[in-house]
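Worksheet for the structure shown next.
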Amino acid sequence: MYQEIVLQSWKTYPAFRGDAKFSTWLYRVSLNTIFTLNRKVNRVQYGGVPETGIPGRSDESERLYKAIRTLPETERAVISLHLEGYDNREVGEIIGITPNLVAVKIHRIRQQLSTLLKDI
Amino acid sequence: MTDLEQLWRQNREGDTLPENLMDEHFLAGLPSKLPLAKLKRNLFKSIVAAVFIALAYAGVLFFLHSWLVVLGVGILIIFNVWTIISGWRLFLQLPVSVTPAHSLKQELQYHVRSFELWWSQQVKVSLFIYPVAAAAGFIIGGIAATGHQPEFFLTRPRILLFLLLLIILLMPLCYWLDRLLYRHMYGRHLAALRQAIDELS
């Protein structure tokens with residue numbers, strides 16, 4: 001998947017006009033590539049104590065990311081963009097939904113995550 | 001020294017890969033693993049095959065003397081040419097890469113529509129070309145095996161009935177087999193795309 005994202009980024013870079021942030025453009029390419037690749041659904045079921053995490057991440061961050069990985073992929077995309085600091089309008093433009101719907105989804109995802117974090 | 005620096009130093013002189021990656025034409029030639037990109041490559045191969053088949057049919061015409069068979073092969077050539085033209089139009093429409101200008105939902109919808117366009121073309125091919133080709137093959141085979149002219153077969157009610165039954169049987173069979181193959185190759189992927197679109201709606 002990473003190789004495909006890099007390939008798609010290289011192929012589409014000549015069309016990048018610079019009217020949006022580079023990170024926004026890269027997020028679009030990455031998301032569009034990930035969701036249009038033929039792959040198995042990547043949802044993780046966690047049970048028990050999580051093993052060693054990524055260096056540099058606090059335990060709380062690690063638990064949060066593990067909880068996020070159990071969400072459906074579209075919700076994972078929305079919350080990841082939100083956590084990266086994009087506002088509802090920007091998330092809506094990248095995903096293709098209205099800012100109001102983004103707000104509703106984020107609210108629901110937060111409720112789901114708080115329930116999940118109790119179990120992880 | 002970082003891993004990247006080590007890798008760069010190991011890059012031997014004369015290795016043109018890093019420079020080639022800056023070349024658009026080189027990039028365009030690298031194969032993508034996106035299902036739609038694979039579909040586009042397969043469509044191109046089908047178009048090339050259809051061109052050779054049409055040329056072969058055109059070549060066979062010179063050796064046929066019966067107007068009935070010429071008519072049948074002529075119809076096949078027309079269908080083949082139509083398949084080539086519509087296939088080529090679809091080939092030009094299909095994207096070679098993801099479209100960053102699209103939102104995620106637009107990209108998913110675009111992919112689903114592209115697959116559906118390709119499928120609708122496949123249905124037309126399976127309903128018309130395969131059965132007609134089978135019927136023409138049946139007659140040509142009969143001519144080659146018996147030495148009789150096509151009129152000999154086509155004035156025999158039993159043979160006509162058999163030919164008719166063959167075409168009636170082949171049309172749904174070809175459609176069903178094509179659909180089975182389509183579902184096997186792309187069914188799960190399309191279901192995932194549609195589910196993601198539903199989740200975003």
Mind grabbing the interface size between B and A? I mean buried accessible area, both sides, 1.4 Å probe, in Å² to the nearest hundred.
2500 Å²
Tell me the carbon and sulfur percent of the accessible area for segment B:54-201, rounded to whole percent, probe radius 1.4 Å.
72 percent
The summed charge of the B:SER120 Cβ neighbourhood (under 13 Å; Lys/Arg +1, Asp/Glu -1) stands at +2
Note every residue of segment A:23-38 with a reduction of at least 40 square angstrom in accessible area, all protein chains present versus the isolated chain, computed with a 1.4 Å probe, or write none.
A:ARG28, A:ASN32, A:PHE35, A:THR36, A:ASN38
Mean Kyte-Doolittle of at least 0.0 and a Cα length of 30 Å or more along the axis: which whole DSSP H helices of chain B meet both?
B:35-61, B:67-93, B:157-182
Residues of segment B:70-100 losing 50 Å² or more of accessible surface, assembly versus chain alone, probe 1.4 Å, please list them.
B:VAL98, B:PRO100
If you average the alpha carbon positions of segment B:48-123 and of segment B:138-178, how far apart do those two centres end up, in angstrom?
25 Å
With runs of 4+ DSSP H residues as the only contributors, calculate the mean residue ellipticity of chain B at 222 nm using -39,500 (n - 2.57) per run, divided by the residue total and rounded to the nearest 500.
-25000 deg cm²/dmol
Relative contact order for chain B, counting Cα pairs under 8 Å that sit 6 or more residues apart, in percent:
22 percent
Between the chain alone and the structure with every protein chain in place, find the residues of segment B:171-201 that drop at least 30 Å² of accessible area; heavy atoms, 1.4 Å probe.
B:ARG188, B:HIS189, B:GLU199, B:LEU200
Please list, or write none, the lysines whose alpha carbon is within less than 24 Å of the alpha carbon of B:LYS40, excluding same-chain residues fewer than 8 places away.
A:LYS11, A:LYS40, B:LYS105, B:LYS124
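The values are calculated or read from the model by the stated rules, or taken from the named source; none is laboratory data. Because the structure is predicted, anything quoted here is derived from the model rather than measured. Neighbour counts are summed over all protein chains in view; Cβ atoms, including those assigned to glycine, are modelled from backbone coordinates with ideal geometry. Protein only, heavy atoms only, side chains kept; ligands, DNA and RNA dropped before computing areas. Shrake-Rupley method; radii C 1.70, N 1.55, O 1.52, S 1.80 Å.
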